[in-house]
Structure formats: structure tokens, C-alpha cells
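Here the structure comes first, spelled out in C-alpha cells, and everything after it is commentary.
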Amino acid sequence: MELKTKYDVVVVGGGFAGVGAALAAAREGLDVIALEKDANVGGMPVNGRETFYYYGFGGGSFEKNDEEGRKHRHIFGTSPDHNNSDLMQIMLYKSLVENGVRLISHAVVTGVYFDGDRVIGARISKDGKT
């Protein structure tokens, strides 16, 4: 598979902030790639197995993910009040795919290239290869 080399937005990190940034840019019609150093998106709420991840600030995709979790909790064995981290990861991936975000896992940014104050490129190492 050949990797496209030009994107409007490069998001470094696939935690909740990175996923949110990637989705916001994609929903504005920009061509987005997200680079995540780990295997999974979601950061600590997924990889750290946190069960309460938005600390009472409702709205947006959090509530949508919670509702989806309630619909499928019988599959994941979750309580109605807590999302399962596996389901959160699935929902984040689903949101990225539905919005056309290209995601590369196991991608470590090893360099950023500038033209003045504008970022014009990034070098990544994927699975130990640059």
C-alpha cells in the first residue's frame, strides 16, 4: 500500500485530543492524517482502561459514544453507566474512518520540517524504519 505524501493536516498523537483535532479538521473538509505511536487510539481512556473519561462535561461525541456503548454493552459486558475501553476504541476508529481520516499506528515522528513558521513536512519512523 502506497502512502499518500501530501495532507492538509498532520495530527501527531491519537489520544482523545488528537482524535478530536483530526475529526474537527476532517469535518471542515480537510485531508487529514493522524500518526499514533502506539497500537491503539484513545490514549489513557483506552490504553489505561479508565472508565470515566470526560469528567462530567457532556455533549458531542462523548455522549454519542456512551449511547452506542449502552446499545452494545451485552457484547462487551459493560455496565450501563461505564463505557468499555474496547468499545471506546472501536467508536474512535469508526469516527475516524467515517470522516476520512487516514490513521497510521506505530508511527513515531522523528522530525518536523519548516518553511519559515509553516510546517511543510514530517519524518516518521514506522516499526523502526524511517
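Counting only residues at least eight positions apart within a chain, or on another chain, the lysines with an alpha carbon under 25 Å from that of LYS37 are LYS4, LYS6, LYS94, LYS126, LYS129. When the residues LEU92, LEU103 are ordered by accessible surface, computed with a 1.4 Å probe over the protein chains alone, the sequence from largest down reads LEU103, LEU92.
The values are calculated or read from the model by the stated rules, or taken from the named source; none is laboratory data. This one's a predicted model, so the numbers in the text were calculated from it and none came from an experiment. Heads up: the accessible areas ignore ligands, DNA and RNA and are worked out on the full protein's heavy atoms, side chains in. Shrake-Rupley method; radii C 1.70, N 1.55, O 1.52, S 1.80 Å.
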